[in-house]
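Since the structure comes first, as structure tokens, the remarks are kept for the end.
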Amino acid sequence: MNYFFRSILLISLFIGAINFTKAQTTKVELSNNKVVVGGQTCFLHLVKEKQTLFSISRAYGVDLAVILRVNRKTEVTVNVGEVLRIPVVDSETILSPDLVKKEDEKFFYHIVKRGDTLFSLYQKYGVDVETIRSSNPNMGPNLRLGSVVKVPKIIKEEKISLVPKHDKYYYYYEIKKGDTASAIARRFSMNLRKFKKLNPKLKSRALKIGDWVRIPRYLVPPEYFVEKEVVKGTIAEDYQIADPVVTDEIPKPITQNKIRIALFLPLYLDANDSINRSIFYKDTIEVVTERNPRILYSKSHDFIRFYQGILLAVDSLQKEGLSVDLHVFDTEKSTKKVQRILNGLKYTDLDFMIGPVYRSTFSVVADFAQRRGIPIISPLSPKNSALKTNPFVIQMNTSIKSICGKISDFVCYDLDTRNLIVVHPDRYEHLNEFQLVTDIERNMFEKGKYWENDEMSYKKISFDEYGLFGIERMLSDTVENVILIPSTKQPYVENIISNLNVLSQRFDIRLMGFPVWQRYNSLDAELFYNLNLSVVTPYKIDYNETKVTSFVDDFREKFKCEPNNFSFRAFDLCRYFSKAVSNFGRSFPDHLNEIKLDLLQSNYHFKRVNAFGGLENRGIQIVNYSRDFKIRYYIPKSQNSFERSGYCN
């Protein structure tokens, strides 16, 4: 009997498999009925028996995800008799990818995929954008997903170089594949605006391979003018000598060329679509109109700027020869949505994850990362509960506890501190910032700094109880007075700073502070300068640096908007960890402090918090608002000399 039932079951499964195969191979007839919805032309496809979304997507050459989004579907299912809207991917014809030939004698036939641009086609085929456009007269301003682009086959002919010879005023740089105006300006430390002014032809057309631009001779290193001798008859004779780059260090070999990243951010894409779209119905057809120009949902603004910084970093990495596979997920602030995303990542191979940014969603992804053994980066929060128990967590924003330790080291070991005053609120022992007092007293009394100098004075005073006059009685007329305020509560800090400003006219004061103080908009910057404020921070941006101005120019050129702190932070983070993976592969977390990279705003130095926990960025910098109304940046000597060995305290 059991044999009989097993036979029936096997026959049923076999018949089902045959029917499934037939359903998959059922021919889908393309519809000729079109409708314009929200400015986009769509086919109206009537679903027939045995048709699936996969077969319909394949027949029309439209990405399945696009069909799901346009028809507001959350499941990959379809019903017989249902009418689907299929976006027209080409204004004239629509071709199935199966029917498009790859190339002939004159053209390559490229099917547009997600992420393709005219510039990426130029990079792939070596054919300039204007030539591609002229070969596709029906092409719109943007490439449509699934459309076919004809790329002419260019017969490379040996041609005489038309680049002028260098003279006593200018170096003439020949444009090579992948060059952009901003990249060339950055290479020679030029302001992009001045570079374009010196080369007015850039205003009317894009750069072409083999063209040339002028660079002032004084900006060009001498080695660019040295011509290497080539023995005639050798292979090297047939090639032009590339611009040499002189370096003292031998570059490390690339261990891994492809970098796989998952980025989790609360982009709130649905909310952004909603506020930029109005919907009405005309003859039962849903019509969507888009706001122009688009506006950003307020909660997503900073995270979109962060995402744009990541994209710019990916571009720079690809130009340096690395292949970056970036998976981006909109988490909003939903643990359920995050869990659904992770269910789809079970079989995806990743080198590291960035985000999420909220604690509730981060903990879910951190557990997943620990089970899979994938490093996960907490990009923004200075406090992460998973850091102490999950060895795969890497926290980029230095915690309050670590900042307190750094301030203590700086005051005790970098400054010639003679008169140290802690101005605190009443009952402050429960605050996180109380750690600053604990660290100061450990350095001074347990480690002996106080006993080394007979002239050193250490005092504590409650501002709530004694006020400005109590502080004044503790100040010295003969030495610098270093004042610490163990608090980040804005009203309290602002009150003390305003009062101390009165005393700064009579006493030499250096105020030590936390990075969050710089964001208190109600404080006039003049107060910082008067009090010689020094802030210990993991991040700083010096807009006088060439690398920063170049980044800003590139960001404006690509996204038509201004970068913010999140953009800089994302750019540094993505480049740093991608370089770490390329140099050290899977073992990169053990070598993070060996990466030598010139970052825009960061100074990374990672320490493991305990034997079972993750890594925290403890690399800090000092931002000093000096009395001569200049901002100075430097790394404290105690950063290296007194760095705690082993794990963080």
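The values are calculated or read from the model by the stated rules, or taken from the named source; none is laboratory data. This one's a predicted model, so the numbers in the text were calculated from it and none came from an experiment. Virtual Cβ from ideal backbone geometry, glycine too; neighbours counted across all protein chains shown.
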Next on the checklist: Can you go through Asp367, Asp409, Asp426 and tell me which one is of a type in the set (D, E, K, R) and within 30 Å of Ile310 (Cα to Cα)?
Outcome noted: Asp367
Checklist entry - Just for the stretch 93-115: of the residues that are modelled with pLDDT of 65 or more and in contact with a Gly (Cβ under 8 Å, 6 or more places away or on another chain), which one is farthest from Val66 (Cα to Cα)? => result Ile111
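Taking the criterion of being of a type in the set (Phe, Trp, Tyr), in contact with a Lys or Arg (Cβ under 6 Å, 6 or more places away or on another chain) and modelled with pLDDT of 90 or more, would at least one residue in the stretch 378-395 satisfy it?
Going through the stretch 378-395, the residues of a type in the set (Phe, Trp, Tyr) turn out to be 392.
Applying the additional criterion that residues be in contact with a Lys or Arg (Cβ under 6 Å, 6 or more places away or on another chain) yields none.
No: zero hits.
Would it be correct to say that Ser399 is in contact (Cβ under 8 Å) with a residue 40 or more places away in the chain and under 17 Å from Val536 (Cα atoms)?
When the stated conditions are applied, Ser399 passes them.
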Item to check | Residue tally, condition closer than 15 Å to Leu615 by Cβ and of a type in the set (S, T, N, Q), over the stretch 361-384 | outcome: 4
Next on the checklist: Tell me whether the stretch 336-350 contains one or more residues that are surrounded by fewer than 18 Cβ atoms within 10 Å (Cβ to Cβ) and either in contact with a Lys or Arg (Cβ under 7 Å, 6 or more places away or on another chain) or not assigned by TED's automatic domain parsing to the domain that holds Leu265 (or both).
Outcome noted: yes
Item to check | Selected residue (criterion: nearest to Ser522 (Cα to Cα)) from residues of the stretch 451-475 that are surrounded by 15 or more Cβ atoms within 10 Å (Cβ to Cβ) and among the polar types (S, T, N, Q) | outcome: Ser462
Item to check | Criterion (of a type in the set (Phe, Trp, Tyr) and modelled with pLDDT under 90) met by exactly one of Tyr307, Tyr281, Tyr358 | outcome: Tyr281
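Residue by residue, here is whether (1) in contact (Cβ under 8 Å) with a residue 12 or more places away in the chain; (2) over 21 Å from Leu296 (Cβ atoms); (3) not β-branched (Val, Ile, Thr); (4) not assigned by TED's automatic domain parsing to the domain that holds His605 holds:
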{"residue": "Arg556", "(1), (2), (3), (4)": "no, no, yes, no"}
{"residue": "Phe559", "(1), (2), (3), (4)": "yes, no, yes, no"}
{"residue": "Glu562", "(1), (2), (3), (4)": "no, no, yes, no"}
{"residue": "Asp572", "(1), (2), (3), (4)": "yes, yes, yes, no"}
{"residue": "Val581", "(1), (2), (3), (4)": "yes, yes, no, no"}
Checklist entry - Do we find a residue being modelled with pLDDT of 75 or more, surrounded by 10 or more Cβ atoms within 10 Å (Cβ to Cβ), out of contact with any strand residue (DSSP E or B) (no Cβ under 7 Å at 6 or more places or on another chain) and closer than 26 Å to Leu326 by Cα anywhere in the stretch 74-87? => result yes
Next on the checklist: Taking the condition of being over 23 Å from Pro266 (Cβ atoms) and assigned to a loop (DSSP other than H, G, I, E, B), how many residues in the stretch 282-292 meet it?
Outcome noted: 3
Checklist entry - Of the residues in the stretch 396-429, how many are at pLDDT below 90, aromatic (Phe, Trp, Tyr) and under 36 Å from the mean Cα position of the chain (by Cα)? => result 1
Checklist entry - If Asp90 passes every condition in (1) of a type outside the set (A, V, I, L, M, F, W, C); (2) at pLDDT 80 or above; (3) under 27 Å from Ile279 (Cβ atoms) but one, which one does it miss? => result (2)
Next on the checklist: Regarding the stretch 509-518, can at least one residue be identified that is touching a residue at least 24 places away in the same chain (Cβ under 8 Å), buried (at least 16 other Cβ atoms within 10 Å of the Cβ) and over 35 Å from the mean Cα position of the chain (by Cα)?
Outcome noted: yes
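Filter the stretch 530-580 down to the residues that are of a type in the set (Phe, Trp, Tyr) and touching a Leu at 6+ places or on another chain (Cβ under 7 Å), then identify the one that is farthest from Phe410 (Cα to Cα). Working first, answer last.
Going through the stretch 530-580, the residues of a type in the set (Phe, Trp, Tyr) turn out to be 539, 543, 551, 555, 559, 566, 568, 571, 576-577.
Remaining after also requiring touching a Leu at 6+ places or on another chain (Cβ under 7 Å): 551, 555, 568, 571, 576.
Values: Phe551: 31, Phe555: 35, Phe568: 26, Phe571: 28, Tyr576: 27 Å.
Across the stretch 530-580, the extreme among qualifying residues is Phe555.
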Checklist entry - So which of Tyr576, Tyr529 ends up being closer than 22 Å to Tyr634 by Cα and outside the structural domain of Ser602 (by TED's automatic domain parsing)? => result Tyr529
